[in-house]
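The values are calculated or read from the model by the stated rules, or taken from the named source; none is laboratory data. Because the structure is a prediction, the values reported are computed rather than measured. Glycine also receives a Cβ, built like all others from the backbone with ideal geometry; neighbour counts cover every protein chain displayed.
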Amino acid sequence: MSAKYVSKINRRDSLKWLGSMTSVVVIGGVVVACDAPETPMPDVKEGSHWPDLTFEPITGPKYGQDPDLLNPTTPWPKTLTQEQLNLVAHLSDIICPEDEGGPSATAVGVPDVIDEWISAPYADQQNDRVLILNGLQWLDDEASRRFGNTFMNISEAEQFQIIDDIAYEAQMEVAEFEHAAIFFDKLRTLVLGGYFTSPQGMRDIGYMGNVPIIGDYPGPTDEAKTHLEQVIANLP
């Protein structure tokens, strides 16, 4: 089942995309903040198989105070190994598969921007790097414990048995899966945040950006005005 992920976008585009992901993304009315302030990870509890690996911090050069996002340089290297990138790509398509509404996460290059995100030498991204790399290791360890092979080399049904144990917020209350559920929640946020800040993802949600209006400004629609009046009426 192992499949090699081939990069879909260049560094210039992935760095520009990284800048977009630091803003708030709204998906189906739910606000997703990829760079939300980190909360301390809970202690590893008895019964957990969380690897709790530590990594040397990335200390490479940063952008500076006024980066040129239209012509970005590549001040840091991407750090995911090919095997880790393959696994991130596979998980990305489980989280955001191809459907009638649009392409899959890997088709638009989401794994590239996740690699860029966790390789960036900033505190929030480095915290995410520790969490994501430990989570990828946990998946391989868990697959080996249950089925005798790495996650990418077990069956789809076996993979979903593991994912079902970490894909829901309630599993954060289960000592065995607490850290893994936190990892999957963060990965899902990055995948969806990455997808819906891609050009294809923005088209999927009907985002048009700044579009010039020909002629007189028509003003808000009746629907928008009704909604605004309801919001104002409910203000404290």
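Please determine, by comparing only the residues of the range 155-181 that are among the aliphatic types (A, V, I, L, M) and in contact with a Gly (Cβ under 8 Å, 6 or more places away or on another chain), which one is nearest to PHE55 (Cα to Cα). Steps first, answer last, please.
Filtering the range 155-181 for residues among the aliphatic types (A, V, I, L, M) gives 157, 162-163, 166-167, 170, 172, 174-175, 180-181.
With in contact with a Gly (Cβ under 8 Å, 6 or more places away or on another chain) added as a condition, the list becomes 175, 180.
Details: ALA175: 24, ALA180: 18 Å.
The selected residue is ALA180.
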Exercise. Identify the residue in the range 133-172 that is part of a loop (DSSP other than H, G, I, E, B) and modelled with pLDDT of 95 or more and, among all such residues, is surrounded by the most Cβ atoms within 10 Å (Cβ to Cβ).
Key: ILE166
Quiz item: Would a scan of the range 132-149 turn up a residue that is among the hydroxyl-bearing types (Ser, Thr, Tyr) and closer than 18 Å to LEU187 by Cβ?
Solution: no
Quiz item: Mind checking whether some residue in the range 190-211 is within 20 Å of the chain's Cα centre (by Cα), aliphatic (A, V, I, L, M), assigned to a loop (DSSP other than H, G, I, E, B) and modelled with pLDDT under 95?
Solution: yes
